[in-house]
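A short reminder: the numbers here are calculations on the coordinates, not readings from a lab. Predicted model only: the values in this text are computed from it and were never measured. Cβ placement follows ideal geometry from the backbone for every residue including glycine, while neighbour counts extend to all protein chains displayed.
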There are 2 protein chains.
Amino acid sequence: MTTRDSKDSDLERSLTLLWAGRARGKRGPRSRLSVELIAQAAVRVADADGLEALSMQRIATELGYSTMSLYNHVPSKDLLLEVAADVGAGAPPELDDAADLRQSVRQWAGALWAGFHRRPWILRVPLDHAPVGPNQLAWLDRLLRPLLAAGLAGGEARAAALHLTAVVRGTAQISTSMAGEYKRDDGIPHTDADLTHVVAELIDPEDYPALTAVHAAEVADRRSEQPGVLPFELGFGVDRFLDGLESWVADRGVS
Amino acid sequence: MTTRDSKDSDLERSLTLLWAGRARGKRGPRSRLSVELIAQAAVRVADADGLEALSMQRIATELGYSTMSLYNHVPSKDLLLEVAADVGAGAPPELDDAADLRQSVRQWAGALWAGFHRRPWILRVPLDHAPVGPNQLAWLDRLLRPLLAAGLAGGEARAAALHLTAVVRGTAQISTSMAGEYKRDDGIPHTDADLTHVVAELIDPEDYPALTAVHAAEVADRRSEQPGVLPFELGFGVDRFLDGLESWVADRGVS
DNA sequence: CTAAAACTATGTACGTCATACGTTTATATG
DNA sequence: CATATAAACGTATGACGTACATAGTTTTAG
């Protein structure tokens, strides 16, 4: 773990690592290892066994090298994690240019949502500074395009993009953490859906009246959700936000 | 780190830990230690030196006990973290009953935003399942009240609450990670604001057209933001969402 | 063509961490 | 009072990140 004041040149290192212009012509043996290879191995390990299984030693054996060899290409595990997260994010989807704001945003959000569910470990990688990775920035850029095209000002587009990123990230964080099943002592597995019931019995309706009221609300059937459409838990909020955004640009167009 | 399938009874333990009905009358020596004391010590350490400084040994010495004594009251560090996060969150603010939806939500979001900035380490605590802590549920309940009062259906209120929680969480995560200052090799510290410029020079405007366009947008002066009012980066999105929510309930009221 | 310089890969070693386990000590119940 | 039981402690283990010294390899300077 990097201490807080050793952030010194980590940032510079992040940048040169992430944007490494492939240079060659130095002395010493040709390196058979590289940042890319290491990052890809890290992604493979995290995909297979999760973030907690991702150790330098594990990556090294995965690649068939000694543990310390990695440090010839990567200054620390923290930095490697950052690179791995960017690599794992992959390229954003191409958005249909003919689509309107709502369609574009929904498509973007759906893709990000799907990505977070394919690689939940990305959500566990600690965020140490503003996004600077090529892929992270590409995702941001893709979202900004329809926002700007819809007529938002620069600052507004930035804020809207931040809002949407945060929503998908945060919702996915909660959603993926609830995905696992638990085994009770009696051996019967139960999901987080039941968890709500357990909690419902624990809490005093006097202290949590709204929670108790909402608890009765039926949970949407997850199987009825088509792929490509946002699930209700995410879609409702995004749609309300888009309603507000659209009327904002409409009012703006009048003045 | 807890492996993914050892989640077995962790959940049960979480619940009994978090909702511990104080029982007394067992054998053995009176325990001078308790979950609450340990959690409070953990909060103190994290407040002082961050999450990465929070070790069992550190907490123990902080309290003047041996490391292993803690395990008489807490089954694992993961669980302790969960409790500490709930304790650190504290009680939600009392919302003005006379306030309308927009005012209430803004007040709630502002309080949560402030809380995350006071204790950034809470955002680093890995989310292992749906919120079950007394304080976490209290925050949720407080938000649900005005949403229900405004006329939202149960499922809608839940989705809206999730949306808002995710937004504040996610935005704060990015905001607090940018709060630190970095020292460059030349010794001149620079903030993440400059970071944008560094990146701006790295990227190819062809690949990131929208980013480049937005980059010119002036950054709001942070000092001009009054306390109690949401900062623009958070407020713009929340306001657009509220616009959409309000028109949603208005249309609903007609049918 | 040689030798120095620089870089890669490896092995060893250290400090820190969470936590399993055994021992001692104090207490409440029979 | 005796005994079961839990609290606190000390020691020990295995995994981890990574500093450092070494050996080996390739490029470049003379």
Over the stretch A:76-98, the set of residues surrounded by 15 or more Cβ atoms within 10 Å (Cβ to Cβ) and over 28 Å from A:ALA42 (Cα atoms) is A:LEU95
Of the residues in the stretch B:239-255, those that are more than 8 Å from every other protein chain (Cβ to nearest Cβ) and closer than 15 Å to B:ARG106 by Cβ come to B:GLU246
For the stretch B:71-82, pairs from a residue that is within 13 Å of chain A (Cβ to nearest Cβ) to a residue that is more than 14 Å from DNA strand D (Cβ to nearest atom) and hydrophobic (A, V, I, L, M, F, W, C), with Cβ under 9 Å and 6 or more apart or across chains, are B:LYS77/B:LEU54; B:GLU82/B:LEU18; B:GLU82/B:VAL125; B:GLU82/B:VAL132
If we keep only residues of the stretch A:41-66 that are of a type in the set (Asp, Glu) and within 14 Å of chain B (Cβ to nearest Cβ), then the residue farthest from DNA strand C (Cβ to nearest atom) is A:ASP47
